[in-house]
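The values are calculated or read from the model by the stated rules, or taken from the named source; none is laboratory data. Quick caveat: nothing in here was measured; it's all calculated off a predicted structure. No Cβ is skipped: glycine too gets one built from the backbone with ideal geometry, and neighbour counts run over all protein chains shown.
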Amino acid sequence: MKLSKTIRSPAAGRSGLALVTTIIVLAVIGLIVAAMGTAALSSVRASAMEYHEGRAFFAAEAGGEAALAQLKLALQDGFLADDELADMTPPVLEPFAFDSFAAGKVGAPVVETITDGPYEGLYALTQNVEIVSMATDPGGTTSGVILDAKAQAIPIFQFGVFFEEDLEATNGPPMDFVGRVHSNGNIYLSSNNAWYMDMITTPNKAFHDRKDFHQVYDGVFIFNPVTHDSVPFNFDSRTIPGAEAFKAQSELQFAGRLRTDAFDVDSLNLPLPDGVPPYELIGPREDTDGPAERSVKFAWNADTYLIVDLGHIMNRYGVCGGDDDDDDDEDQGWAGAVKWWPDITVVRDGKIVPSKSALCDIVTWEWSAFYDGREEELKDVLTLDIQRLDNWVGNDPDRVAEIVYVEFRLPATIDGYPSEVRDILLDATVDPALRLVDGEELPNRLTFATDWPLYVEGDYNKTHKQPAALASDGLTVLSRKWKDQENIPADNIFDNCDGLVAQDMPCVFFESWVSGDVWNYRRAGETWVNAGVIAGHWPTPCDHHDVGCPADGTSAFYQDWYGGGIENFPRFLENWRESDGSKVVFHYSGALISPFTSQKTTGTWNGTYYRPPQRDWWFDTDFRNPELLPPGTPNVGSVIRTAMREAF
């Protein structure tokens with residue numbers, strides 16, 4: 001048998017190899033496709049994750065900003081309490097939940113100099129704060145931020161001038177002012193002779209014009225510390241409305257010393273809780289005051305609290321004790337009224353209270369003591385003699401007074417007053433005021449406060465200067481030459497009015513004396529006052545540029561319309577001019593702070609009841625030292641964010 005031989009075709013071999021190759025290629029392609037699909041899916045998933053993480057991050061950042069806003073509110077009273085930080089709440093931001101939201105103090109508060117921004121150079125009590133905000137979305141994606149911030153409490157007396165509302169300065173006699181000027185409202189500057197040597201700031205506008213009518217004087221100068229020149233203020237927020245152009249011009253002319261909203265200047269928060277009006281700073285003690293109000297009101301911080309109850313009129317013996325010898329008093333009229341005093345109570349928690357006789361050596365009461373030409377009323381005055389207060393204190397630390405508050409309580413009507421008193425209330429009203437005398441040398445650091453008018457007579461804190469402050473509804477300076485008897489109606493006017501005021505009807509003889517040529521302001525004498533001042537001012541009602549303002553841009557609304565400006569913030573009642581026409585100088589060193597409009601000293605400025613002094617005004621540089629601030633100095637709050645980082 002013959003074996004056959006099988007011969008394999010070359011084409012068949014190639015076909016098998018092609019099949020294998022095809023299978024391998026398909027497998028590789030499959031792997032590649034699978035890998036691409038996996039990569040694409042991973043990319044989609046990563047993008048989705050980034051999207052959710054991004055949203056959570058921005059939500060967390062919004063939570064941090066909400067905490068900063070709450071921090072600013074907490075600092076309004078100048079003090080940042082632990083419970084205020086603990087009570088902070090995250091914002092409502094659907095659909096995110098804030099699993100971690102907290103603010104805490106970092107270290108102890110420190111006194112430090114502010115190194116940048118519009119308040120550069122001032123010092124603040126700074127508390128570093130760390131804010132943690134963690135936000136989570138419904139899918140469980142979490143992100144967070146950590147914000148670092150500085151809560152700065154800036155003592156308000158570091159400003160040469162601070163106004164909560166519009167600030168006007170249109171002085172006649174020359175005025176140099178050294179010290180920072182700040183207003184939370186607009187600033188109006190127009191004068192022939194005003195020099196500002198420090199920073200001027202407002203979160204609003206600065207105008208080279210008057211507020212009450214159009215009058216532009218080119219004598220306003222702002223000091224440039226680079227060129228060491230005083231440069232004219234010749235542009236404003238109206239002539240250069242653009243922010244960048246305004247900033248450039250301010251930098252060019254004043255090295256940036258005039259800063260407005262163009263520089264993003266912030267308002268400075270007054271030292272009171274949110275919703276509490278600034279006037280409460282000088283308000284009396286009230287049972288409804290909360291802890292935050294009690295921490296900042298002068299009344300609650302006072303170590304000596306006087307209550308003058310004008311609804312309870314007593315024989316002077318009941319107030320002062322001792323021998324009620326009225327041999328020198330008549331039974332009626334001007335002299336007879338001397339024996340009637342309001343009840344006066346002194347509260348000094350934990351300290352010695354003066355006896356009745358000692359109290360009446362320190363203070364005296366006078367009905368219709370003198371006439372105030374601006375207020376157009378006779379003032380009923382509690383006069384406090386600082387030298388006699390010092391004599392009573394002696395060297396006894398339990399008698400020392402550093403913050404003295406005076407509360408006046410008014411009657412519903414004067415019908416129940418003794419006839420001798422009613423007969424000398426020629427304007428048929430009770431108009432209480434506090435007056436300080438013999439204050440040339442203060443015994444120690446000393447602050448006086450009241451929510452009624454305050455008068456300072458003669459030199460104040462001139463010798464061996466102490467940290468001192470005066471807080472009131474309105475401050476009036478009476479010169480060293482002031483005499484009550486030269487500023488009061490004659491005895492015959494009081495006699496003619498006997499019995500006419502009993503029905504609360506003003507005396508026509510008094511009205512004639514006020515409106516006629518009988519009363520004239522008297523010549524003042526050169527006077528020194530060194531004290532920080534917190535008081536109300538009377539503002540010009542509206543800007544003549546504003547639609548609806550009745551002022552038409554002319555001087556027709558000048559009298560009884562212009563608020564008096566910063567130059568009349570400390571008020572005057574005398575003729576500060578010598579017989580030869582030269583100006584009498586009023587020397588002032590301190591800080592002029594007006595957080596509110598006056599509520600009781602509401603007489604308008606009209607320029608007819610006085611002649612202005614030559615103003616020698618300086619910011620008291622001692623206030624730049626925290627240890628030399630007056631007792632009870634309020635703070636203004638500022639919060640700045642210093643850093644932000646992502647939390648992991």
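Some notes on this structure:
- Taking first residues from the range 403-415 that are closer than 23 Å to K351 by Cβ and aromatic (F, W, Y) and partners that are part of a strand (DSSP E or B) and modelled with pLDDT of 95 or more, the Cβ contacts under 6 Å between residues at least 6 apart in sequence or on separate chains come to Y405/Y305; Y405/A449; F408/V308; F408/P432.
- In the range 264-274 there is at least one residue matching the filter, namely being surrounded by 17 or more Cβ atoms within 10 Å (Cβ to Cβ) and of a type in the set (S, T, N, Q).
- Within the range 168-197, the set of residues being charged (D, E, K, R) and in contact with a Ser or Thr (Cβ under 7 Å, 6 or more places away or on another chain) comprises E168 only.
- Criterion: assigned by TED's automatic domain parsing to the domain that holds G532, modelled with pLDDT under 95 and under 19 Å from L454 (Cα atoms) - qualifying residue of L378, L389, L425: L378
- Members of the range 240-268 found to be more than 14 Å from V181 (Cβ to Cβ), without any contact (Cβ under 8 Å) to a residue 40 or more places away in the chain and of a type in the set (F, W, Y), listed by number: F246
- Residue within the range 449-456 that is under 21 Å from A337 (Cβ atoms), among the hydroxyl-bearing types (S, T, Y) and modelled with pLDDT of 95 or more present: yes
- Filtered residues of the range 162-187 (kept if of a type in the set (V, I, T) and either in contact with a Cys (Cβ under 8 Å, 6 or more places away or on another chain) or under 23 Å from F213 (Cα atoms) (or both)): T170, V181, I187
- Residue match in the range 489-497 (condition: under 27 Å from P539 (Cα atoms), crowded, with 17+ Cβ neighbours inside 10 Å and in contact with a strand residue (DSSP E or B) (Cβ under 8 Å, 6 or more places away or on another chain)): no
- Taking the range 345-375 as the range and being free of Cβ contacts under 8 Å to residues at least 60 places away in the same chain, polar (S, T, N, Q) and closer than 18 Å to W452 by Cβ as the test, the residues that pass are T345, T364.
- Output for the range 577-619, where each listed residue is over 17 Å from E567 (Cα atoms) and at pLDDT 95 or above: Q599, K600
- Against the criterion of being at pLDDT 85 or above and touching a Lys or Arg at 6+ places or on another chain (Cβ under 9 Å), F96 qualifies.
- Test: A169 is in contact with a Gly (Cβ under 6 Å, 6 or more places away or on another chain) and farther than 30 Å from L71 by Cα: yes
- Residue satisfying all of: in the range 520-568; under 18 Å from H208 (Cα atoms) and in contact with a helix residue (DSSP H, G or I) (Cβ under 8 Å, 6 or more places away or on another chain); surrounded by the most Cβ atoms within 10 Å (Cβ to Cβ) among these: A551
- Subset of the range 559-589 [hydroxyl-bearing (S, T, Y), more than 16 Å from M175 (Cα to Cα) and under 23 Å from the mean Cα position of the chain (by Cα)]: Y562
- The set of residues from the range 384-416 being hydrophobic (A, V, I, L, M, F, W, C) and either touching a strand residue (DSSP E or B) at 6+ places or on another chain (Cβ under 8 Å) or part of a helix (DSSP H, G or I) (or both) comprises L384, I386, L389, W392, V393, A401, I403, V404, V406, F408, L410, A412.
- Take the conditions (1) in contact (Cβ under 8 Å) with a residue 12 or more places away in the chain; (2) surrounded by fewer than 19 Cβ atoms within 10 Å (Cβ to Cβ); (3) not in a loop (DSSP other than H, G, I, E, B); F448 misses just one of them, which is (2).
- Pick from the range 258-283, criterion outside any loop (DSSP other than H, G, I, E, B) and under 16 Å from P595 (Cβ atoms), ranking: modelled with the lowest pLDDT: N269
- Within the range 413-438, the set of residues being crowded, with 24+ Cβ neighbours inside 10 Å and among the small types (G, A, S) comprises A433 only.
- Every test in (1) touching a residue at least 24 places away in the same chain (Cβ under 8 Å); (2) part of a loop (DSSP other than H, G, I, E, B) is passed by E286 save one, and that test is (1).
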